[in-house]
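Here's the structure, in structure tokens; my notes come after.
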Amino acid sequence: MKRLALALMLAVAAPALAADPSEMLKDPVLEKKAEDLGKELRCLVCQNESIEDSNADLARDLRVIVRERFAKGESSDQVKQYVVDRYGDYVLLNPPFKGTTLVLWLGPFALLVVAVGAAFAFFRRRPSVNATPVVPLSTEEKRRLDALLKDGDRS
Amino acid sequence: MRRLLYLLPVAVFGILALFFLRGLTLNPREIPSVLINRPVPVMNLAPLPGRGDTGLTTADLKGRVSLVNIYGSWCIACVQEHPYLVKIKQTGIVPIHGIDWRDDPVEGAKWLKKHGDPYDRVGVDPAPGRTAIDFGVTGAPETFIVDKDSIIRYKHIGPVTPEAWEQTLLPIIKELNK
């Protein structure tokens, strides 16, 4: 029962965000937009965390500046562009689909196609078991088989 | 032909191995800067108290190849590179400007008194470090080479070591000074 309660509590608890209340915008709609964008932006210090999740000073600075820009009336795309202009596509946790990232996005699918093609070719070329015609047993073979089977019954 | 086909997996493995080997030797901290070959960001930074200069503005970088060094009194790696910056200043090859990043200016000034002051001009960039973010700074220390036309030409991440100076930064500065 205790365990169940603990599990339930853990399941219900929302992951804590690093943004402390003093950083948050008063307008809940803008704050939500800022949080959503912040989750897509990589913290340059901890690298696999978003700026929204990170405690690093630089992540805090970026959170503050992102919010300032939203408060000034910029759109999500404008704020995102502001950060990308300074840190490059690397700052986006979800890399954009463009020329330099084609291999990244399409590579796995290309490999899959090649692998499926190779497997297909391999299995088609190998003579299947069903394809070899079944030659009926000769009278001699039948006699031997019957003898063996009878032999098995006795033991 | 069939034989060649059997070599295909080996070839694929080889290519992947090359990629991974390259990946292993890369430093994930060294994020290529998108600001290379772009003008220095517009800045107008206040001076450090008691230092006697007027701070650091974009206009101050015009006309000479210079270094812009990001430091802070809280930055431990800066202590490591600092004596070498003082040495570079003594050679007179290139002026170094400092940006005291995310710091209390009083502490920043004290720190320079303690560790030596290699800078021509120093500007203060308090949190949230707008100018540093305009420079695409990811941590301190970082050093930028700015050319005569105020275009950023190179970004060095981490302490300027004698090796980095002699093998990378100095040749670029010499080239730009031609």
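Taking every alpha-carbon pair under 8 Å whose residues sit at least 6 apart, chain B reaches a relative contact order of 28 percent.
For B:Val122, the residues 5 or more places off, or on other chains, whose built amide H falls under 5 Å of its own are B:Leu48, B:Gly55, B:Gly98. Taking amide hydrogens as placed 1.01 Å from N in the peptide plane, the amide H of B:Lys148 sits under 5 Å from those of B:Val65, each at least 5 positions away in sequence or on another chain. Phi angles of the range B:121-134 translate, via the Karplus equation with coefficients 6.51, -1.76, 1.60 and θ = phi - 60°, into HN-Hα couplings of 10, 10, x, 9, 10, x, 3, x, x, 4, 5, 4, 5, 4 Hz per residue; Gly and Pro are given as x.
Using +1 at the C-beta of Lys and Arg and -1 at the C-beta of Asp and Glu, which of B:Val40, B:Ala11, B:Thr168 has the Cα lying farthest in the positive direction of the dipole of chain B? It is B:Ala11, whose Cα lies furthest towards the positive end.
The phi torsions of the range B:17-22, fed into the Karplus equation with coefficients 6.51, -1.76 and 1.60 and a -60° offset, translate into couplings of 4, 4, 4, 5, 4, 4 Hz, rounded to whole numbers, with Gly and Pro shown as x.
From helices alone, the protein assembly as shown scores -15000 deg cm²/dmol at 222 nm; the rule is -39500 (n - 2.57) for each run of n ≥ 4 DSSP H residues, then divide by the residue total. On a per residue basis, the convex hull of the C-alpha atoms belonging to the range A:14-94 measures out at 90 Å³.
How many percent of DSSP beta bridges within chain B run antiparallel, rounded to 5?
Values: 14 of 23 bridges.
Here the antiparallel bridges make up roughly 60 percent for chain B.
Every Cα-Cα pair in the protein assembly as shown was counted, and those over 37 Å apart are 43% of them. Bridges between two residues of the protein assembly as shown, per DSSP, are antiparallel at a rate of about 65%. Diffusion of the range B:31-177 by Stokes-Einstein, at 37 °C in a medium of 0.692 mPa s and with Rh set to the Kirkwood radius over alpha-carbon pairs, works out to 220 µm²/s.
Cross-link partners of B:Lys114 among lysines, defined as those whose alpha carbon lies under 26 angstrom from its own and excluding same-chain residues fewer than eight positions apart: B:Lys87, B:Lys89. For A:Lys142, the lysines whose Cα falls under 23 Å of its own Cα, not counting residues fewer than eight places away in the same chain, are A:Lys150. Note on the protein assembly as shown: dipole from Cβ charges, positive end direction compared against B:Val106, A:Pro96, B:Cys75; the farthest Cα belongs to A:Pro96. In the structure shown, do any of A:Lys32/B:Lys155; A:Lys32/B:Lys110; A:Lys80/B:Lys155; A:Lys39/A:Lys72 have a Cα-Cα gap over 30 Å, and if so which? Where the Cα-Cα span goes over 30 Å, the pairs concerned are A:Lys32/B:Lys155; A:Lys32/B:Lys110.
Readers should treat all values here as calculations from the given coordinates under stated rules, not as data from a laboratory. Everything numeric here is computed off the predicted structure, so don't read it as measured data. Positions of Cβ are backbone-derived with ideal geometry, glycine not excepted, and every protein chain shown enters the neighbour counts.
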